[in-house]
Amino acid sequence: TAAAPRLTVIGTGYLGATHAVCMAALGYEVLGVDVDPGKIERLNSGEVPFYEPGLPELLAKAMDSGRLRFSTSLAEAADFGDVHFLCVGTPQQRGSNAADLSFVHAATDELARHLRRRALVVGKSTVPVGTAAALADRVRSLAPAGEEVELAWNPEFLREGFAVEDTLHPDRLVFGVTSAWAEERLRAAFAPVIGEGTPVVTTDLATAELVKTAANSFLATKISYINAMAEVCEATGADVQKLAEALAYDDRIGGRFLRPGLGFGGGCLPKDIRAFIHRAEELRVGQAVAFLREVDEINKRRRARTVSLIRELAGGDPAGIRVAALGASFKPDSDDIRDAPALDVAATLHAAGARVRVFDPVAMDNARRACPQLDYAADALDAAAGADVVVLLTEWTEFREIDPAAMGAVVAHRRIVDGRHALDPAQWRAAGWTYRALGRP
Ligand code: UDX
């Protein structure tokens, strides 16, 4: 329709590329922008630069429709768009827990300098609370259109591996706005999603920023809670898997994000809770989120405990033992290895003198780049050939389906550590394996 705003998406990583493709699929004219010319070239030729189920097909359709293209020029974006989505990364600063906002600042400043007419800039990146208000002032002061340019905040909750589904059918939309006009523009930009009954929470900028941080903190806490129970289970011979199953029947608790194991990693949860602690301390409310330090510590202990379980199984000294590491990505259905517990465990074992052979169904290239010191195998059986211990680190479906007898035939010793509670202990034990998992007898 004539009223539909033209959209730009600035930053084409996991979040931005998915957002751009999905918005084009919903019928909008979209321009995606990134500073990396290589990425833009790949996207323009119809290639998704990372692994995300369903996204390549949707990108191809969107390119065919003529509604989507990619560019490196923010001047072009300013000229083209009515609503500009900021999707650049906010990684953890080196040597600090704070979020690095340099990409956010660089992108908004450059965009703002070209904004010559009424436009809405919408932040989606995860930022410390208070960032949006500061950006709003900065955008207005830099933009030739001045007060005509507004800023809003629309946090993104998509999960890697389910990014398309989460973008097209989100649980909720959160609009942080400072005017009725901004809300109307956002509603127009999400009309098809709102049309199917998605709840919209409209609020101020600071609350919108905090919703994201609070949600990720809650999820991380839930995971560390069950992993803390796993530590207690280990000390008493209790079974955390059964404990979690029984807790989950209580609707108030629920079973989601209550899977015990090696803990959380990825580009969001670990750095977001650390940045939240840092920001809360700046705001002098550090005490209110002090428990998040424990959440982080519990999570890190899972990795250390997995390493020591492998040592135990191998007889104590890791030097020279052969370990088959199944999985490298931070979770299944993703090639993302940022803060991946799997690679962390593999690298720690290697540093202790073990000979580690890694296999992952899609994250091999990323893993090789990040950890060139490790050995990489052609498949799971190849990784396991001659191994003293096998360790399952990422619960890919193909690992769940491994035949214990077939793998048993190629290893040196039938010993397995199930870091993700993904296997059936009875089945593996029946095939002659010593099976161990965190928090299980
Ligand atoms: C997360 C949030 O879920 C999402 O809403 C936000 O937008 C970005 O951060 P993502 O990082 O893609 O998404 O992964 P998620 O599925 O949340 O898993 C995070 C980590 O927790 C993974 O390493 C996973 O293996 C681990 N996890 C998850 C558990 O250890 N146990 C669980 O029960 C659930």
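General observations
- Some residue of segment 410-421 being in the same structural domain as A304 (by TED's automatic domain parsing), among the hydrophobic types (A, V, I, L, M, F, W, C) and without any contact (Cβ under 8 Å) to a residue 60 or more places away in the chain: yes
- Selection within segment 402-441 - on the phi > 0 side of the Ramachandran plot and crowded, with 17+ Cβ neighbours inside 10 Å: H421, G439
- Any hit, segment 193-201, residues being modelled with pLDDT of 95 or more and surrounded by 20 or more Cβ atoms within 10 Å (Cβ to Cβ): no
- Within segment 117-147, restricting attention to residues that are among the aliphatic types (A, V, I, L, M) and within 24 Å of V193 (Cβ to Cβ), the residue that is nearest to the ligand (Cβ to nearest atom) is V127.
- Among helices (runs of 4 or more DSSP H) entirely within segment 371-441, having at least 3 residues that are within 16 Å of the ligand (Cβ to nearest atom) singles out 397-400.
- L343 out of contact with any Phe, Trp or Tyr (no Cβ under 6 Å at 6 or more places or on another chain) and not polar (S, T, N, Q): yes
- Segment 201-221 - residue that is in contact with a helix residue (DSSP H, G or I) (Cβ under 6 Å, 6 or more places away or on another chain) and under 25 Å from R256 (Cα atoms) and, of those, farthest from the ligand (Cβ to nearest atom): E209
- Only a single item in (1) within 13 Å of the ligand (Cβ to nearest atom); (2) among the hydroxyl-bearing types (S, T, Y); (3) in the same structural domain as N366 (by TED's automatic domain parsing) is not met by T236, and it is number (1).
- When F276 is tested against the conditions (1) more than 21 Å from R357 (Cα to Cα); (2) modelled with pLDDT under 95, the lone failure is (2).
- Residues in segment 148-183 that are surrounded by fewer than 20 Cβ atoms within 10 Å (Cβ to Cβ), charged (D, E, K, R) and near the ligand (Cβ under 8 Å from one of its atoms): R159, D166.
- Scanning segment 369-384 turns up no residue that is closer than 23 Å to V164 by Cβ, surrounded by fewer than 24 Cβ atoms within 10 Å (Cβ to Cβ) and not assigned by TED's automatic domain parsing to the domain that holds P49.
- Of the residues making up segment 1-38, those that are over 15 Å from M63 (Cα atoms) and surrounded by fewer than 22 Cβ atoms within 10 Å (Cβ to Cβ) number 11.
- Residues of segment 385-401 classified as crowded, with 20+ Cβ neighbours inside 10 Å and small (G, A, S), total: 1
The values are calculated or read from the model by the stated rules, or taken from the named source; none is laboratory data. Treat the numbers as computed from the prediction; the structure is a model and nothing was measured. We place every Cβ from the backbone using ideal geometry, glycine too, and count neighbours over all the protein chains shown.
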